[in-house]
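Some notes on the structure that comes next.
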Amino acid sequence: FGHLYLQTIPLLQILAFSPFLLAVSHNYSTYYMLANGYDKQWLNLVIGGVVVNFLVLFPLLWTISPTKATAITALAVDIYGAAAAYLFYRRTADKTA
């Protein structure tokens, strides 16, 4: 697309791991947590993601450009969601088997 899209390159580099993280998060949260009746814990995970979103976004908005702040925040929320869902699975998988 030419020189007009050069500013999107750093954003795409920041967000490059998001598809993988979202796949991990979706497998452990939706397919495991909701399928096994952990609705309240799933809701807590989602609320935790909202909290992480605001805790990361607001400080970054003061220090870097809004587009990069948003991309970094999205990546941080994806990391939190994948890690929290996986750790929940590790804690509870033995109980359901």
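The values are calculated or read from the model by the stated rules, or taken from the named source; none is laboratory data. Since this is a predicted model, take the numbers as computed values, not measurements. Cβ coordinates were reconstructed from backbone atoms using ideal geometry, including for glycine residues, and neighbour counts include every protein chain displayed. To get the accessible areas, we keep the full protein, side chains included, count just its heavy atoms, and leave off ligands, DNA and RNA. Shrake-Rupley method; radii C 1.70, N 1.55, O 1.52, S 1.80 Å.
Under the condition of being open to solvent by 40 Å² or more (accessible area, probe 1.4 Å) and of a type in the set (Ser, Thr, Tyr), which residue from region 40-90 is nearest to Ser18 (Cα to Cα)?
Tyr80
Only one of (1) modelled with pLDDT of 95 or more; (2) on the phi > 0 side of the Ramachandran plot is not met by Val77, so which one is it?
(2)
Say we look at region 34-68 and pick out the residues that are touching a residue at least 40 places away in the same chain (Cβ under 8 Å) and assigned to a helix (DSSP H, G or I); which of these is nearest to Leu15 (Cα to Cα)?
Lys68
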